[in-house]
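For reference, the structure is listed below as structure tokens.
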Amino acid sequence: EEKVLEGFVPLDDIPGYLCPGQIPGRSPPTMYYGYPVPATLLEKHWNEEVRSYLDTQKLTKEALEDFQNPDPHKAFEAFLGAVLLDLADELCEETGWGIQMNKVYGIPGDPYHWMASLCGNYSGTDVPEPHIKRLREALGAEGPPMWYLAYGDDGQWDTKGSFMPFDPERLIRALGYGN
């Protein structure tokens, strides 16, 4: 089931049935509009922008052990949240738009599955082209932004109004990937 979701193909345009309020009594899965953030960019940002400026005197003992881990990949993963927040702030400044970092399905071969989103299907916000262009340039992306499926519990249909546990089989059927 997870493999099928990881094979989700981003959408050029969002169909009406994935827009909130279009189907009474149903809330579609969360979708995000933007560009993937390459793993190489996240790792570069960690090494050049975050790691060198961390005040190790203020880290907890556990965080300091993670920071000093001889495996640079494990140290990076331990501080991924800080990297994402710092990069989001930088992208907001560069684009002049409220960029959010979201984990999504639809980025094959990427070990982290993070994207910089300009908006989501629940925001109802139109994004002016200059902000899209600035984000594309900042990330070194090509082409127009795409719609990606939110990772985990947010990437599901809610048919009862209150939060339901993640059901990958139901999502696979709803997206037309199942038999």
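Per residue, the accessible area of region 87-152 comes to 47 Å², computed with a 1.4 Å probe over protein heavy atoms only.
With a 1.4 Å probe rolled over the protein heavy atoms of all chains, the accessible area of Leu149, Leu59 falls in the order Leu59, Leu149, largest first.
Which of rounded, prolate or oblate describes region 55-112 when judged by the alpha-carbon gyration tensor and an a/c cut-off of 1.5? Intermediate values should be presented prior to the final figure.
On the way: a/c = 3.21, a/b = 1.45, b/c = 2.22.
Oblate.
Once all protein chains are placed together, Cys92 keeps about 40 Å² accessible to a 1.4 angstrom probe. Solvent-accessible surface of region 3-69, averaged per residue with a 1.4 angstrom probe and all protein chains in place: 62 square angstrom. Expressed as a whole percent, the accessible surface of region 66-120 that belongs to carbon and sulfur atoms is 52, based on a 1.4 Å probe.
The values are calculated or read from the model by the stated rules, or taken from the named source; none is laboratory data. Small disclaimer: the values here were computed from a predicted structure and weren't measured. Surface accessibility is based on the protein's heavy atoms, side chains included, excluding ligands, DNA and RNA. Shrake-Rupley method; radii C 1.70, N 1.55, O 1.52, S 1.80 Å.
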